[in-house]
Every structure is written in C-alpha cells, then in structure tokens.
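Data block below; observations after.
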Amino acid sequence: MTAATYQYVDLPDASVVTTRALLTARENIGDTVAARAMMCIHGGAGFGKTLAVNTCLRELEPGEDVRKITFRARPTARAVRYELFTALDLAGEPPRHPSEFDRLLKTALAERPRTFLVDEAQWLNGEAFEYFRYLWDEPSTQLAIIFVGGEGCHTVLRREPMLSSRIFIWQHFTRLTPDEVLDVIPLFHPIWADADPDDITFADSHAAHGTFRAWAQLTAHTRTALARTGRPRVDQELLRWAFSRLG
Ligand SMILES: Nc1ncnc2c1ncn2[C@@H]1O[C@H](COP(=O)(O)OP(=O)(O)OP(=O)(O)O)[C@@H](O)[C@H]1O
Ligand SMILES: [Mg+2]
C-alpha cells in the first residue's frame with residue numbers, strides 16, 4: 001500500500017514520516033499486541049493518530065490478523081456486534097438473538113489471536129465499550145485491542161472503570177513541536193526539502209501549529225501556488241496566499 005492511501009487530501013509525492021509520536025506508537029502497539037492487551041491512543045484532531053496506527057499495524061508480523069472497525073456515530077451493543085460480524089468476514093446472516101450472536105463472535109474469536117483497531121472510539125458509549133471488554137475478558141479469545149480517538153475518547157473511557165482499569169497503555173498523541181517540524185516537514189514533501197527553515201517555521205507558527213492535517217492541506221495549496229506562479233521554491237508570499245485558503 002502506498003503512503004498516499006492514508007492521506008487526508010490527495011497529495012502526490014507525500015511520504016509518511018517518522019514522528020516521535022509515531023515511534024512511541026510503534027513501541028506501544030508492538031507491546032500491546034505481544035501481551036494481547038488493550039491500549040488507548042487519544043489526542044487532537046489531525047495530529048496523525050489514524051495514520052500512525054495504520055502504519056504501525058502494517059509493520060507487525062505478516063501472520064498477525066488485524067481487523068479495523070471505525071465508528072461514525074454512537075453505536076449500541078447491537079451495532080457493535082454487527083460491525084464485528086462484518087469486520088471478521090463471517091459467513092451467512094448475522095444471528096437474530098443477542099445470545100446466539102455473542103456465541104458466534106466468541107467462537108470466531110477463539111480460532112486464533114486477533115488484533116482490533118477501533119478508530120473514532122470517542123463515539124463509543126459505556127454499553128459499546130462494555131461489549132469490547134466482555135469479548136476481551138472471555139478466556140477463549142486472544143484479543144489485542146487498540147482504541148484510537150479524539151480528545152473526548154480519554155474522558156469517555158475514564159468513565160468506564162471496568163474497561164479503563166484494563167487498559168495496558170495510554171498514549172496521548174500531541175502536536176509536532178517547532179523543532180520537530182524542522183526535522184520532519186522537509187522529509188514529508190519535496191516542496192519543503194529545499195525550503196528555507198525560516199519559511200517552514202513561519203508556516204508552522206502562522207498556520208499549521210504542529211497539526212499534521214494542517215501541514216498536509218498547506219502543502220497542497222502551496223504546491224498549487226508553485227505550479228501557478230512557476231516559482232522554483234517556496235517563499236513567504238506564496239505561503240501567505242496558501243494561509244488565506246486555510247481560514
Ligand atoms: N506521520 C505522518 N507522515 C505523513 N503524513 C502524516 C503523518 N501523520 C499525519 N499525516 C497527514 O495528516 C493527516 C491527518 O492525520 P490523521 O488522519 O492520522 O489524524 P488523526 O489524528 O487520526 O485525526 P482525527 O482525530 O481527526 O481522526 C493525514 O491524512 C496525513 O495527510
Ligand atoms: Mg483519525
């Protein structure tokens with residue numbers, strides 16, 4: 001899979017860069033999967049959580065069975081069962097009765113060790129979290145679960161002591177520091193490779209503020225500006241034009 005698969009905006013020539021947060025996630029995810037434990041990665045919008053977790057999960061042992069579940073709205077336990085049925089590619093019709101459904105899921109999960117990536121976990125309420133806890137606690141299953149969510153995720157999880165007391169590792173994802181911006185942005189996209197470091201700092205302090213998603217958008221607009229003006233290199237005038245599009 002190419003790095004572009006995980007780009008928020010279509011950004012040709014962008015690379016996945018190894019940030020400190022990504023390095024920490026790599027170690028945390030490896031340890032969580034090895035321990036068949038549960039972890040929670042939480043932090044602000046656009047800080048790079050989803051991209052980091054997907055990158056790290058791809059690097060696990062080839063035999064590791066990883067299933068991704070992304071919630072877009074507040075699911076009930078019933079909706080969680082259906083999502084798992086789909087994520088596990090189970091054959092046939094989903095069972096009608098909850099107890100039958102639970103038995104089916106537990107049987108499927110007992111087949112082999114599995115890792116779940118549950119993204120947008122801030123959408124989960126107590127009932128939904130409790131359902132994951134129930135499956136994880138079942139002695140026949142060997143589940144590792146990585147919950148990933150926005151700032152609210154931590155608050156919601158903390159309200160569920162049954163689950164939160166079982167979380168093996170908590171990782172708070174933070175924005176890029178100004179120093180880190182100077183290290184990683186030149187590797188992120190060729191337009192920054194030969195840019196003046198002062199211009200990169202200017203872009204970060206005026207527009208991107210260490211948020212990776214903002215850097216991706218800013219890069220897309222700056223690329224357009226370079227193409228339209230025919231200038232060979234980023235400058236502050238081009239950057240100001242790009243900022244004006246970011247609001
Ligand atoms: N390590 C990285 N290397 C290259 N690009 C990155 C990296 N991390 C993030 N990005 C860029 O920033 C965008 C936003 O990152 P991502 O979707 O992972 O954020 P998020 O923390 O999951 O946000 P949200 O909380 O809104 O889901 C990505 O689509 C990608 O363009
Ligand atoms: Mg995300």
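The values are calculated or read from the model by the stated rules, or taken from the named source; none is laboratory data. As the structure is a prediction and not an experimental result, all values here were calculated from the model. In this analysis, Cβ positions are derived from the backbone assuming ideal geometry, glycine residues included, and neighbour counts consider all displayed protein chains. With ligands, DNA and RNA removed, areas are computed over all heavy atoms of the protein, side chains included. Shrake-Rupley method; radii C 1.70, N 1.55, O 1.52, S 1.80 Å.
Taking the helices alone, the chain has a mean residue ellipticity at 222 nm of -15000 deg cm²/dmol, built from -39,500 (n - 2.57) per DSSP H run of at least 4 residues and averaged over all its residues.
Taking every C-alpha pair closer than 8 Å and separated by at least 6 residues, the mean separation divided by the residue count of region 1-110 gives a relative contact order of 17 percent. Helix 49-58 and the longest principal axis of the C-alpha atoms of the chain enclose an angle of approximately 70°. Of the heavy-atom accessible surface of region 132-247 (probe 1.4 angstrom), what whole percent is carbon and sulfur? Heavy-atom surface of region 132-247 belonging to carbon and sulfur, 1.4 Å probe: 53 percent. With contacts taken as Cα pairs under 8 Å and at least 6 residues apart, the chain reaches a relative contact order of 26 percent. Each Lys or Arg adds one and each Asp or Glu subtracts one; over the other residues with Cβ under 9 Å from the Cβ of Ala37, this totals +1.
At most 14 other Cβ atoms within 10 Å and a DSSP loop assignment: could you name the chymotrypsin sites (Phe, Trp or Tyr not before Pro) in region 52-102 that fit?
Details: sites: Phe71, Tyr82, Phe85, Phe101; in loops: Phe71.
The qualifying sites: there are none.
Among the trypsin sites (Lys or Arg not before Pro) within region 1-106, those in coil by DSSP and having at most 14 neighbouring Cβ atoms inside 10 Å are Arg72, Arg96.
Ligands, DNA and RNA left out, the 1.4 Å accessible surface of region 33-82 is 52% carbon and sulfur atoms. As an exercise, identify the trypsin sites (Lys or Arg not before Pro) in region 140-247 lying in DSSP coil whose Cβ has no more than 15 other Cβ atoms within 10 Å. Answer in residue order: Arg159, Arg166, Arg233. Helix 178-188: angle to the longest alpha-carbon principal axis of the chain, degrees 0 to 90, nearest 10? Between helix and principal axis, roughly 90 degrees. For the chain, the solvent-accessible area works out to 49 Å² per residue, with a probe of 1.4 Å and every protein chain left in place. Each other residue within a Cβ distance under 9 Å of Leu117 adds +1 if Lys or Arg and -1 if Asp or Glu, for a net charge of +1.
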